[in-house]
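What follows is calculated from the coordinates using simple rules that are stated; it is not laboratory data. On a predicted model such as this, the values are computed, not experimentally measured, just so you know. So basically every Cβ, Gly included, is an ideal-geometry build from the backbone, and we count neighbours across all protein chains shown.
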């Protein structure tokens with residue numbers, strides 16, 4: 001008996017270390033806040049997805065660590081919130097679904113760990129897998145009365161942060177997806193940018209703030225932004241970023257002169273001509289035409305879901321300003337021509353234009369892309385050029401064979417068979 005106990009005791013001791021976090025069973029956000037206020041503890045939310053590998057590692061290796069579990073149980077009201085949906089979701093997951101959707105404003109990666117005050121005020125975000133030591137440190141930091149994010153926000157509101165600390169907090173607020181970033185950035189601009197001699201703003205420190213927070217803190221009428229507009233080459237050299245001045249001024253002019261003036265309802269048609277005239281009068285005609293065309297393209301796609309109008313305007317932009325066929329630009333063009341034009345547009349003229357664009361792109365590529373050849377073939381096929389389409393698809397197949405790309409070999413063979421039968425392949429969901 002003594003021998004058996006000696007053998008079992010080490011395992012019992014190990015099992016005692018595998019404690020777990022006492023996650024709340026609150027049915028919604030309001031109930032969770034009520035629980036936090038009663039206990040006067042901040043809220044910790046483990047926002048996870050069922051498919052997330054690092055989330056499962058947190059469950060297996062970190063939340064079962066006695067030190068982590070004890071600290072969370074003592075200092076927080078904790079809850080796990082599932083951010084995705086599955087067929088096997090239980091009642092608790094379903095009850096939290098609406099609140100989970102609201103939390104998506106903060107969650108861009110999994111796992112995400114959200115912190116709130118007992119009153120439900122947002123106080124920070126951490127993301128990704130952390131081992132027990134790292135996780136315990138960030139938990140302690142999140143409630144530190146001096147260094148926590150919530151403490152920094154409080155000190156900012158009390159006017160107790162230095163210039164450098166305000167800038168650091170602005171960056172942290174942005175990383176935390178906290179709307180207070182606008183307030184912090186505007187405060188910094190008002191105190192440390194506005195009223196300063198222009199020459200004093202043409203330095204790395206000021207340039208860094210401008211480049212990072214121009215959308216939150218500046219208008220196109222600000223003196224430094226006007227300097228970027230009027231002196232793009234010199235400003236680009238100071239910022240050491242090619243075409244930076246145009247990118248900044250374009251975005252601010254669009255916001256201040258176009259998007260802020262657009263109707264809220266999709267049914268209303270924007271007065272594009274008047275908007276263009278205002279910008280042309282204030283700046284120049286070429287700039288006005290380019291920006292208005294870009295906004296019309298976005299409006300057709302996002303607001304009206306008018307894919308034919310979107311395609312016509314996109315081709316107009318390409319004719320006027322050229323197409324980016326390098327790197328990600330080439331990939332984006334291919335995806336647009338396949339996903340939008342091929343799948344959603346029926347105008348033969350537009351389809352032929354799209355096919356010509358893909359022809360030019362495939363002819364300039366080295367090595368050839370079988371995927372781009374497939375897009376070219378599909379556009380030819382839908383525009384009525386069936387024989388040529390099959391020939392191009394055959395080229396894609398031969399290229400896939402030369403690379404021993406088994407998945408695409410099977411796909412291209414299927415496409416050729418469907419093309420030979422005259423099937424409406426743009427209506428099919430093919431893998």
What list do you get for 324, 199 if you sort them by fewest beta carbons within 10 Å? 199, 324
Between (i) 26, 57, 17, 0; (ii) 26, 62, 12, 0; (iii) 18, 37, 37, 7, 1, the structure-derived P(r) over Cα pairs in 20 Å bins from 0, in percent is (iii)
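Using the number of other C-beta atoms within 10 angstrom as an exposure proxy, rank 192, 122 with the fewest first.
On the way: 192 16, 122 20.
Fewest-to-most ranking of 192, 122: 192, 122.
Tell me the mean residue ellipticity at 222 nm calculated for the chain from its helices only (DSSP H runs of n ≥ 4, each -39500 (n - 2.57), averaged over every residue, nearest 500). Write out the running numbers ahead of the final one.
Details: 23 runs with 256 residues, N = 431.
About -18000 deg cm²/dmol.
Over the chain, what relative contact order in percent results from Cα pairs under 8 Å that are six or more residues apart?
On the way: 466 pairs, mean separation 32.3, N = 431.
In percent, rounded to a whole number, it is 8.
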Shape verdict for region 29-143, please, from the Cα gyration tensor: rounded (a/c under 1.5), prolate (a/b greater than b/c) or oblate. oblate
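Å³ per residue of the Cα convex hull, for region 147-268? Kindly include the intermediate steps, with their values, before the conclusion.
On the way: hull volume 16.3 nm³, N = 122.
Per residue, the Cα convex hull of region 147-268 comes to 134 Å³.
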What distance in nm lies between label points placed 7 Å from Cα along the C-beta direction at residue 97 and residue 429? 1.9 nm
Take 245, 148, 39 and order them by how many other Cβ atoms sit within 10 Å, fewest up front. 39, 148, 245
Round to a whole angstrom and tell me the spacing of the C-alpha centers of region 312-391 and region 96-141. 43 Å
Evaluated over region 306-431, the Cα radius of gyration and Dmax, each in Å: 14.0, 40
